[in-house]
Amino acid sequence: PHRRHVPPVIVVDVERPVRPTVTGVRDGDNGTDVAGNGIPPRVVLQELPGAIQEIRQGQAELRQVSVQLIREQVQDYLGRKEADLIIAAQRFRPALSEGESGREGLRLTAQRLLQTESAFEEVGILDEKGKEILRLSRRSAVTDRDLADRSTSALFREGIRQEAYWGPVKITETSEPL
């Protein structure tokens, strides 16, 4: 008797469409195992587009979690730097109280701050009217002619209220990541 050829039947677990798995290969006529017969089974995975969508959704969720984690790490870092800066600002008070004669003390304190805190590129001191009385930079020389009036800046307005102010990041030709 001549047997007609029946293609193998693939049983796919549809409970988990993200990763369809072949759970068994059986001959359509008599239910015998044909997995080892060398004939590649034909598989149509209708769940594949849904699985791809779920993978993309998972990737988007992973990106969102990663960005949130980075955001929290940056906030933590900035919080620590703000606390460091508050402590450093207290070191400037004695020299500030000496007026013009304390200018060298301000400069030395600013230099120490730049040496010990690699996160800070510049240190500037404003008087009560918002004019710079000192500015030191890690990467460039600052002269008295470079000192500016910052009385209209957000930096001065927030500082006069004794609020921390985080301004925009300024990138120059000498900028480099930490």
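Only lysines eight or more places from Lys81 in sequence, or on another chain, were considered; those with a Cα closer than 19 Å are Lys170. The stretch between Ser118 and Ala164 holds 14.6 nm of extra length on full extension. This uses 0.36 nm per residue minus the Cα-Cα distance. Extending 7 Å from Cα along the Cβ direction at Gln73 and again at Glu173 yields two label points whose distance is 3.2 nm. Here the stretch 65-105 is scanned for amide nitrogen atoms under 15 Å from the site 7 Å beyond the Cα of Asp127 along Cα-to-Cβ, giving 96-104.
Only the coordinates and a few stated rules stand behind these numbers; no lab work does. Bear in mind the structure is a predicted one, so any value in this text is a computation, not a measurement. Don't worry about glycine lacking a Cβ; one is built from the backbone with ideal geometry, like all the others, and counts go over all protein chains shown.
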